[in-house]
Amino acid sequence: MEQQQIDIDWTACQGHGLCAELLPDHITLDEWGYPLTDGSPVSPRALKRARRAASDCPVLALKLTVTGAPRQGRGEPRDRPPRTRTRNTS
């Protein structure tokens with residue numbers, strides 16, 4: 001079974017703190033009420049609670065990802081033909 005870890009979308013998180021209530025062994029809150037994780041994999045016994053914390057987050061700022069999996073993003077640029085301008089001569 002692949003290990004999973006908790007990722008936080010900092011642009012979405014509003015510091016509600018529900019995640020820390022549901023998963024206190026993996027998430028603590030800073031002085032402003034925003035979640036902190038140690039980046040360790042979620043233990044198998046806490047996986048169900050971690051899924052619930054991710055699905056119950058009011059702004060869906062938590063996500064479970066496979067440990068060591070590449071992060072999603074734009075990736076490598078694609079080969080594209082150069083852009084050219086055509087001049088309208090009419």
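The values are calculated or read from the model by the stated rules, or taken from the named source; none is laboratory data. Please read all numbers here as calculations on a predicted model, not as lab measurements. Every residue, glycine among them, receives a Cβ derived from its backbone with ideal geometry; neighbour counts consider all protein chains shown.
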Requested in this report: May I ask you to list the residues in segment 1-54 that are among the polar types (S, T, N, Q), assigned to a strand (DSSP E or B) and farther than 18 Å from Thr67 by Cβ?
Outcome: Thr28
Query raised in the report: If Arg78 satisfies every condition in (1) at pLDDT 95 or above; (2) assigned to a loop (DSSP other than H, G, I, E, B) but one, which is the exception?
Result: (1)
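Looking only at segment 44-70, which residues are touching a helix residue (DSSP H, G or I) at 6+ places or on another chain (Cβ under 9 Å) and not aliphatic (A, V, I, L, M)?
Initially, segment 44-70 is screened for residues touching a helix residue (DSSP H, G or I) at 6+ places or on another chain (Cβ under 9 Å), giving 49-50, 52-54, 56-58, 60-64.
The answer is Arg49, Arg52, Asp56, Cys57, Pro58, Lys63.
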